[in-house]
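Structure, as structure tokens:
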Amino acid sequence: MSEEYYKATTFEEKMKLLYSKMSEKEKRDSREQIIYMCREYCGKCPSYEGTGEEMLAFCMEGKSSLIIEKKACLCGQCPITKTMSLRWGHYCTEGSATELSQAGK
């Protein structure tokens, strides 16, 4: 697959392409990499700070039970947004990209 084609594909297409070919170990490793990257974005987000939340990677894991108030959102600055063609934000209060996609949002 060319880089140009990959950049033009939607989140849904990327999920099918990537995850259908990954082993369970590769999926776990990918999840850990995403969580590591999220420390710089989720972990420093005004909506996250001061809530006592410890979970990260809301775009993958789903919404928080501790984050209630929407403040500024750093999702758009996160490299995962660009890499995976995410088109939503406030995953910490709205749900994962997969959930939002399935809900037709």
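Are any residues in region 55-67 at pLDDT below 95 and either surrounded by fewer than 13 Cβ atoms within 10 Å (Cβ to Cβ) or of a type in the set (D, E, K, R) (or both), and if so, which ones? Scanning region 55-67 gives a single hit, GLU61. The test for being within 20 Å of TYR6 (Cα to Cα) and surrounded by 14 or more Cβ atoms within 10 Å (Cβ to Cβ) holds for CYS78. Out of region 88-105, which residues are under 10 Å from the mean Cα position of the chain (by Cα) and over 23 Å from GLU49 (Cα atoms)? Selection gives THR98 alone. For region 32-54, the candidate set comprises residues that are hydroxyl-bearing (Ser, Thr, Tyr) and either surrounded by fewer than 19 Cβ atoms within 10 Å (Cβ to Cβ) or modelled with pLDDT of 95 or more (or both); within that set, the residue that is nearest to the chain's Cα centre (by Cα) is TYR36.
LYS7 fulfils the conditions (1) modelled with pLDDT of 90 or more; (2) of a type outside the set (Phe, Trp, Tyr); (3) part of a helix (DSSP H, G or I) except for a single criterion, (1).
When GLU32, GLU99, GLU24, GLU54 are screened for being more than 28 Å from TYR5 (Cβ to Cβ) and of a type in the set (Asp, Glu), only GLU54 passes. Here THR83 fulfils each of the conditions (1) modelled with pLDDT of 95 or more; (2) surrounded by fewer than 19 Cβ atoms within 10 Å (Cβ to Cβ); (3) under 22 Å from ARG28 (Cβ atoms) apart from (1).
Number of residues in region 88-105 that are more than 17 Å from LEU18 (Cβ to Cβ) and touching a residue at least 12 places away in the same chain (Cβ under 8 Å): the value is 11.
Scanning region 40-58 for residues that are part of a loop (DSSP other than H, G, I, E, B) and either within 12 Å of ILE80 (Cα to Cα) or touching a residue at least 60 places away in the same chain (Cβ under 8 Å) (or both) yields GLU40, TYR41, ALA57. One residue alone among LYS82, LYS21 is of a type in the set (Lys, Arg) and in a loop (DSSP other than H, G, I, E, B), and that residue is LYS21.
The values are calculated or read from the model by the stated rules, or taken from the named source; none is laboratory data. The shown structure was predicted, so the numbers you read here are calculated from the model rather than taken from an experiment. A quick note on method: Cβ atoms are made from the backbone with ideal geometry, for glycine too, and the neighbour counts reach across all protein chains shown.
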